[in-house]
Amino acid sequence: MNGGKEEDLMSIRSGLGLVGSIAVCFGVAAVGGYFTPGEWYQQLQKPLWTPPPAVFGPVWTLLYFLMGVSAWLVWRRKGLREGTLPLASFAFQLFLNGLWSFIFFGLHRIGLAGIEIILLWSAIAVTLFLFWRESKIAGILLIPYLVWVLFAGVLNFAIWRLNA
């Protein structure tokens, strides 16, 4: 009988962990979203292949959701203590993710944002590797994010070149 209650508690804890993990990712999205593209961004020269503004919201929403699920899978498998390295790597790349918005849209420092996005991409790659070792699914869920940030980096560079 106790096994049933224990399983229920573990299931609730797991569900709360999933919600919390996704919430943390969307919290970073909200902070980064504070520095939204405004008039300054609209006036910049951009390459013809720049996606329309309506694309960015849905893409980032999906990516933050996948990131949250990915981190949750590692946490569920390893816990905080045993999962310290991969989860710390995840937290670091998440910090860099929010920092890019501040540098690019907040400070209007396109070149510095380009350097920062290289660090972000590298941190995502390390996190993906560490997650993959713990859960292949967790690693796979980060691949679209890694690809999108590569694209964002190329776009950042192109915008910098066009406006230098």
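The values are calculated or read from the model by the stated rules, or taken from the named source; none is laboratory data. In this text the structure is predicted, and so the values were computed from the model without any measurement. Because the Cβ atoms are built from the backbone with ideal geometry, glycine has one as well, and the counts that use them run over all protein chains shown.
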**OP:** Using the structure shown, decide if I118 is in contact with a helix residue (DSSP H, G or I) (Cβ under 9 Å, 6 or more places away or on another chain), closer than 27 Å to M10 by Cβ, surrounded by fewer than 19 Cβ atoms within 10 Å (Cβ to Cβ) and at pLDDT 95 or above.
**Re:** no
Original post:
What do you reckon, is S89 within 16 Å of G17 (Cβ to Cβ), modelled with pLDDT of 95 or more and of a type outside the set (A, V, I, L, M, F, W, C)?
Top reply: no
Original post:
Which ranges mark the helices (runs of 4 or more DSSP H) fully within the range 24-115 that have 2 or more residues being surrounded by 13 or more Cβ atoms within 10 Å (Cβ to Cβ)?
Top reply: 53-82, 84-101
**OP:** Filter the range 27-60 for residues that are free of Cβ contacts under 8 Å to residues at least 12 places away in the same chain and of a type in the set (S, T, N, Q) and give the result.
**Re:** Q42, Q43
